[in-house]
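Presented below is the structure to which this report refers.
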Amino acid sequence: MQTKQTIAIIGATGNMGSAIAKGISKGNYRLLLKGNDQAALDALVGDIKTKNAHADVDTAVCPADASWEADIIILDVPFSAEAEIAAKIREVANQKIVISIANPLNESYNGLTTASDSSAAEELQKLLPNSKVIKAFNTSFAADFNSPVIDGKQSDAFIAGNDEEAVQIVSEIVATAGFNPIAAGDLSVSRTLENMQLLLIQLGMKNNYNWLAGWKILHH
Ligand SMILES: NC(=O)c1ccc[n+]([C@@H]2O[C@H](COP(=O)([O-])OP(=O)(O)OC[C@H]3O[C@@H](n4cnc5c(N)ncnc54)[C@H](OP(=O)(O)O)[C@@H]3O)[C@@H](O)[C@H]2O)c1
């Protein structure tokens, strides 16, 4: 049996953090949840354990403690908060996988705050040069985690990263949450993935799409 990996979820009480925590709690992982609101964190742990008494899930006191114990760290915070958190975890995130889910949307949701020759994931990699930053989950909406299977087909979830083994490990996490993982390329492909989600959000706002739409490539 594969060694159980510990995953720290920073920002676990947010829309995405709680959706990811619930989604992967059925897997062979130990989850360490960090959020600013302890009551909300405790409620999330209670909710997960009510649905799965065997779930291995606990709360953490601070991002550095959670990341120190973890093999894999997921930053479920706004892009604007990542520099502050990266500074807190840099030393303990050495050689570890750090998952970037951020879409660096501007305030009007009509553009990205990153330069066109960069992405949130690449900016995070610059802040954590000794970590393996992998882009994942940014093209799924939090609501998609309730029903990642649409019309009998799993929604696609794109992954980008420079380290092949890390991409494989993250693909397994994405599959545990119920999505169809698609390795899309190296970390610079995050530019495309973040722009894809910007497009989906803009189309959703313009056409009032159901937020459960997500991405589905039709396999023939
Ligand atoms: N929502 C989606 O459907 C979706 C889809 C794909 C990707 N994303 C990306 O996922 C990330 C989170 O989005 P969300 O919708 O889940 O946001 P959210 O519901 O507002 O949750 C954000 C979380 O980050 C925490 N946080 C904020 N600033 C922090 C700081 N300086 N230090 C530590 N924790 C901090 C918040 O904690 P407190 O509230 O306790 O302060 C909260 O737990 C964003 O980067 C977003 O682009 C979102």
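The values are calculated or read from the model by the stated rules, or taken from the named source; none is laboratory data. Since the model is a prediction, treat every value here as computed from it, not as a measurement. Note that each Cβ is placed from the backbone with ideal geometry, even for glycine, and that neighbours are counted across all protein chains shown.
Here are a few things to note about the model shown:
- When A86, A115 are checked against the criterion of being touching a residue at least 12 places away in the same chain (Cβ under 8 Å) and hydrophobic (A, V, I, L, M, F, W, C), a single residue qualifies: A86.
To keep it simple, each residue is scored yes or no on (1) over 13 Å from the mean Cα position of the chain (by Cα); (2) hydrophobic (A, V, I, L, M, F, W, C).
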site: V149; (1), (2): yes, yes
site: G152; (1), (2): yes, no
site: D156; (1), (2): yes, no
site: A160; (1), (2): no, yes
site: Q168; (1), (2): yes, no
site: T176; (1), (2): no, no
site: N180; (1), (2): yes, no
site: L187; (1), (2): yes, yes
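- The set of residues from segment 118-135 being more than 10 Å from the ligand (Cβ to nearest atom), among the aliphatic types (A, V, I, L, M) and either in a loop (DSSP other than H, G, I, E, B) or surrounded by 24 or more Cβ atoms within 10 Å (Cβ to Cβ) (or both) comprises A121, L124, L128, V133, I134.
- Any hit, segment 97-105, residues being in contact (Cβ under 8 Å) with a residue 60 or more places away in the chain, buried (at least 22 other Cβ atoms within 10 Å of the Cβ) and among the hydroxyl-bearing types (S, T, Y): yes
- Tally of residues being assigned to a loop (DSSP other than H, G, I, E, B), in contact with a Ser or Thr (Cβ under 9 Å, 6 or more places away or on another chain) and not hydroxyl-bearing (S, T, Y) across segment 138-161: 2
- The set of residues in segment 53-78 being more than 13 Å from the ligand (Cβ to nearest atom), in contact with a helix residue (DSSP H, G or I) (Cβ under 9 Å, 6 or more places away or on another chain) and outside any helix (DSSP H, G or I) consists of A55, V57, D58, A70, D71, I72.
- Put simply, of D76, D163 the only residue that is closer than 22 Å to G178 by Cα, modelled with pLDDT of 95 or more and touching a strand residue (DSSP E or B) at 6+ places or on another chain (Cβ under 7 Å) is D76.
- Applying the criterion of being touching a Leu at 6+ places or on another chain (Cβ under 9 Å) and of a type in the set (V, I, T) to the residues of segment 136-154, the residue that is farthest from the ligand (Cβ to nearest atom) is I150.
- Whichever residue in segment 150-171 is in contact with a Pro (Cβ under 8 Å, 6 or more places away or on another chain) and farther than 28 Å from K126 by Cα and, among such residues, is surrounded by the most Cβ atoms within 10 Å (Cβ to Cβ): S155
- Enumeration of residues in segment 79-117 that are within 12 Å of the ligand (Cβ to nearest atom) and in a helix (DSSP H, G or I): F79, S80, A81, E82, A83, E84, I85, A86, A87, K88, I89
- Selection within segment 108-155 - modelled with pLDDT under 95 and more than 18 Å from D76 (Cβ to Cβ): S108, Y109, N110, S147, V149, I150, D151, G152, K153, Q154, S155
- Residue match in segment 172-179 (condition: under 24 Å from S118 (Cβ atoms) and surrounded by 20 or more Cβ atoms within 10 Å (Cβ to Cβ)): yes
- Any pair with Cβ under 8 angstrom, 6 or more apart, that starts in segment 58-73 at a residue that is surrounded by fewer than 16 Cβ atoms within 10 Å (Cβ to Cβ) and ends at one that is part of a helix (DSSP H, G or I): D58/V45; C62/K88
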